[in-house]
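*Asks:* What follows is a single structure, and I will ask about it in a moment.
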Amino acid sequence: MSRLEISKFSKSYSVRTLSDEDIPDIYDLCIHNKQYYEYCKKQPTVELIKSDLRITPPGKDISDKFYVGFFDKQEMIAVMDLIDGYHEKDMVFIGFFMMNINHQGKGLGSQIITELCDYLKLEKYGAVRLGIDKGNPQSTHFWKKNGFEVIKEIEQEEGVILLAERNLRS
């Protein structure tokens, strides 16, 4: 069972677990981020989002999964899928992070990632990992700007993924 507290993921926004009732809002947020979907070679669908709410990597339980929304009042600012203890016990894996397009370029995504990493460091996590679609300049720039370093390339059926990590140990 995870030791993470969702309410502590951000000091600036309210954070809550997303469910099937949130699918229309998640879909609306995703459908406007056209550049992301050009690089991952798939389009957002209600079925894909419904699957993403439940899917976990091999060896991980749904209790380790945090599919959450970051809200300013009632407005969804961002969506994140985070897995606790993946690939290592003191590591989290961000499987998906997307900002509301109306709030991109204002530093809010970086603020969310910084606040999350600060919280994880307090909880004695050693690192955060994620995958970046190779060739996506927007994602690559965002994650590098936020302290993530590419540690290796992974060839997948959909294309090459850059595995990136932010060390929290220092």
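*Asks:* If you count only protein heavy atoms with a 1.4 Å probe, what accessible area per residue comes out for the chain, rounded to a whole Å²?
*Replies:* 55 Å²
*Asks:* What is the gain in length, in nm to one decimal, between His87 and Ser2 on full extension, counting 0.36 nm per residue of separation less the C-alpha to C-alpha distance?
*Replies:* Once the chain is fully extended between His87 and Ser2, it gains 29.2 nm.
*Asks:* Right, another one. Can you list the aspartates and glutamates whose alpha carbon sits under 15 Å from that of Lys60, skipping same-chain ones fewer than 8 residues off?
*Replies:* Asp52, Asp81, Asp84, Glu88, Asp90
*Asks:* Next question, about the same structure. Indicate the gyration tensor shape class of the stretch 1-95 (rounded, prolate or oblate), computed on the Cα atoms with a ≥ b ≥ c the square roots of the eigenvalues: a/c under 1.5 is rounded; otherwise a/b larger than b/c is prolate and the rest oblate.
*Replies:* oblate
*Asks:* Which links in Lys11/Lys144; Lys42/Lys121; Lys42/Lys145; Lys11/Lys50; Lys73/Lys144; Lys50/Lys152 stretch past 24 Å when you go from one Cα to the other?
*Replies:* Beyond 24 Å: Lys42/Lys121; Lys42/Lys145; Lys11/Lys50; Lys73/Lys144; Lys50/Lys152.
*Asks:* I'd like the accessible area for His141: 1.4 Å probe, protein heavy atoms, all chains in place, Å² to the nearest 10.
*Replies:* Number for this one is 120 Å².
*Asks:* Within the stretch 30-121, which GluC sites (Glu not before Pro) sit in a loop by DSSP and count at most 12 neighbouring Cβ atoms inside 10 Å?
*Replies:* Glu88
*Asks:* Taking the Cα centre of the chain as origin, sum charge times position over the Cβ atoms of Lys and Arg (+1) and Asp and Glu (-1), and report the length of that vector in debye to the nearest 20.
*Replies:* 540 debye
*Asks:* Any chance you could look up the accessible area of Thr17 with a 1.4 Å probe, heavy atoms only, rounded to 10 Å²?
*Replies:* 80 Å²
*Asks:* How would you order 150-158, 18-26 from highest to lowest mean count of nearby Cβ atoms within 10 Å?
*Replies:* Result, highest mean first: 18-26, 150-158.
*Asks:* Order the following by accessible area, largest value first: Ile6, Ile94, Ile62. Probe radius 1.4 Å; ligands, DNA and RNA are ignored.
*Replies:* These residues rank, largest area first, as Ile62, Ile6, Ile94.
*Asks:* Further question on the same structure: Length gain on complete extension for the stretch Lys145 to Lys34, per 0.36 nm per residue less the alpha carbon to alpha carbon distance?
*Replies:* 37.8 nm
The values are calculated or read from the model by the stated rules, or taken from the named source; none is laboratory data. As the structure is a computational prediction, the values presented were derived from the model and not from experiment. Neighbour counts run over all protein chains shown; Cβ positions are idealised from the backbone, glycine included. SASA here: full protein model, heavy atoms, side chains in, ligands and nucleic acids out. Shrake-Rupley method; radii C 1.70, N 1.55, O 1.52, S 1.80 Å.
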